[in-house]
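Data first, discussion second: the structure below is written as structure tokens.
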Amino acid sequence: MASSRPKTILIVEDEPEIAQLVKLYLEKDGFRTSMAETGLTAQKMVATEHPDLMVLDLMLPEMDGLELCKVLRNKPETALLPIIMLTAKNEESDTIVGLELGADDYVTKPFSPKALVARVKALFRRLERTTDQSPTALTYGSLHMDLTKHEVRVKGKEVSLTAKEFGLLEHLLRNPGRVLTRDMLLNSVWGYNYYGTTRTVDVHVRRLKLKVPLLSESIISIKSLGYKLSDHL
Ligand code: CA
């Protein structure tokens, strides 16, 4: 990690065993942690302790994880706080809402603490990579995307894409490792005023994979949620 200051992670979880386990593994990896058992406490701690990332359980007393996520995203000073949600398998619709509300990633319970730590590190790496918000080119293995020339090349050979395919690819390349729901993709690529269905996204992803075979394995379909561009090539 570039900075020498240990990163602080706020663990928001009302089940003490899970919270302790997460704390133990994160601290073993050099992170500093603080803990909150309710959404309200967490909200106050965010304001006073300025954590670098939040691990947020969905099911919480007083204010649940979704509500807290929404509150934080709506305030400029916490809008960019990285959030990893902890969700249960039967909370799939909540997971979708959480991602729409701006959670950066999610881990499904029961989870291995090591896997969660890996996600935390991956998210920090991703954030460090994307601090440059306006690159002029994006690369993914042998794929090179020139945003000023509006050109895509694989191993130097130009691939012809439609405007929407180009937009979709750009959005995926800007968010490697992040689950993007069909609605998020529709909004970012087609715009909020587009009245198409989420199937439009599936059709374009399929075409993109056909035109760029390099992506056929790398664009992963996440069951009932959306898509993710694998961050390991
Ligand atoms: Ca809980």
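The values are calculated or read from the model by the stated rules, or taken from the named source; none is laboratory data. Keep in mind that this is a model prediction, so the values were computed, not measured. So basically every Cβ, Gly included, is an ideal-geometry build from the backbone, and we count neighbours across all protein chains shown. The area values use the complete protein model at the heavy-atom level, side chains included, leaving out ligands, DNA and RNA. Shrake-Rupley method; radii C 1.70, N 1.55, O 1.52, S 1.80 Å.
Could you grab me the full set of residues in the stretch 20-66 that are within 13 Å of the ligand (Cβ to nearest atom), in a helix (DSSP H, G or I) and open to solvent by less than 10 Å² (accessible area, probe 1.4 Å)?
Selection gives Val22, Gly39, Ala42, Gly65.
Quick test of your reading of the structure: Gly98 fulfils all but one of (1) within 16 Å of the ligand (Cβ to nearest atom); (2) over 21 Å from the mean Cα position of the chain (by Cα). Name the failing condition by number.
Tallying (1) within 16 Å of the ligand (Cβ to nearest atom); (2) over 21 Å from the mean Cα position of the chain (by Cα), Gly98 fails exactly one: (2).
Kindly list, by first and then second residue, each pair from a residue in the stretch 50-72 that is acidic (Asp, Glu) to a residue that is within 12 Å of the ligand (Cβ to nearest atom) and part of a helix (DSSP H, G or I), limited to pairs with Cβ atoms under 8 Å and residues at least 6 apart or on different chains.
Partner pairs satisfying both residue conditions: Asp57/Ile18; Asp57/Gly65; Glu62/Gly39; Asp64/Gly39; Glu67/Gly39.
Checking the structure you have, find out if any residue of the stretch 211-220 is charged (D, E, K, R), touching a helix residue (DSSP H, G or I) at 6+ places or on another chain (Cβ under 6 Å) and more than 29 Å from Glu91 (Cα to Cα).
The answer is no, given that none of the residues of the stretch 211-220 is charged (D, E, K, R), touching a helix residue (DSSP H, G or I) at 6+ places or on another chain (Cβ under 6 Å) and more than 29 Å from Glu91 (Cα to Cα).
Return yes or no: is Val71 more than 21 Å from Gly177 (Cβ to Cβ), at pLDDT below 95, open to solvent by less than 70 Å² (accessible area, probe 1.4 Å) and away from the ligand (no atom under 16 Å from the Cβ)?
yes
For the list (1) assigned to a helix (DSSP H, G or I); (2) of a type in the set (A, V, I, L, M); (3) open to solvent by less than 20 Å² (accessible area, probe 1.4 Å), I need the number of the one condition that Val152 fails.
(1)
Can you say whether Gly65 is touching a Pro at 6+ places or on another chain (Cβ under 7 Å) and not assigned by TED's automatic domain parsing to the domain that holds Arg182, as far as the supplied structure shows?
Judged against the criteria, Gly65 is not a match.
So which residues in the stretch 210-228 are surrounded by 11 or more Cβ atoms within 10 Å (Cβ to Cβ) and part of a loop (DSSP other than H, G, I, E, B)?
Val212, Ser216, Ser218, Ser224, Leu225
Based on this model, can you work out whether Leu86 counts as within 19 Å of Phe124 (Cβ to Cβ), within 12 Å of the ligand (Cβ to nearest atom), at pLDDT 95 or above and in the same structural domain as Ala115 (by TED's automatic domain parsing)?
Taking the combined requirement at face value, the residue does not satisfy it.
For residues that are within 16 Å of the ligand (Cβ to nearest atom) and either farther than 21 Å from Thr108 by Cβ or out of contact with any Leu (no Cβ under 6 Å at 6 or more places or on another chain) (or both), tally how many sit in the stretch 2-19.
Result for the stretch 2-19: 8.
Which of the numbered conditions does Asp231 fail, given that it passes all the others? Conditions: (1) assigned to a helix (DSSP H, G or I); (2) touching a Pro at 6+ places or on another chain (Cβ under 8 Å).
Among (1) assigned to a helix (DSSP H, G or I); (2) touching a Pro at 6+ places or on another chain (Cβ under 8 Å), the lone unmet condition for Asp231 is (1).
Counting only residues that are exposed (fewer than 12 other Cβ atoms within 10 Å of the Cβ) and of a type outside the set (Gly, Ala, Ser), how many does the stretch 195-205 have?
Here the count works out to 3.
What is the number of the single condition among (1) open to solvent by 50 Å² or more (accessible area, probe 1.4 Å); (2) more than 13 Å from the ligand (Cβ to nearest atom); (3) part of a loop (DSSP other than H, G, I, E, B) that Ala79 does not meet?
Against the list (1) open to solvent by 50 Å² or more (accessible area, probe 1.4 Å); (2) more than 13 Å from the ligand (Cβ to nearest atom); (3) part of a loop (DSSP other than H, G, I, E, B), Ala79 comes up short only on (1).
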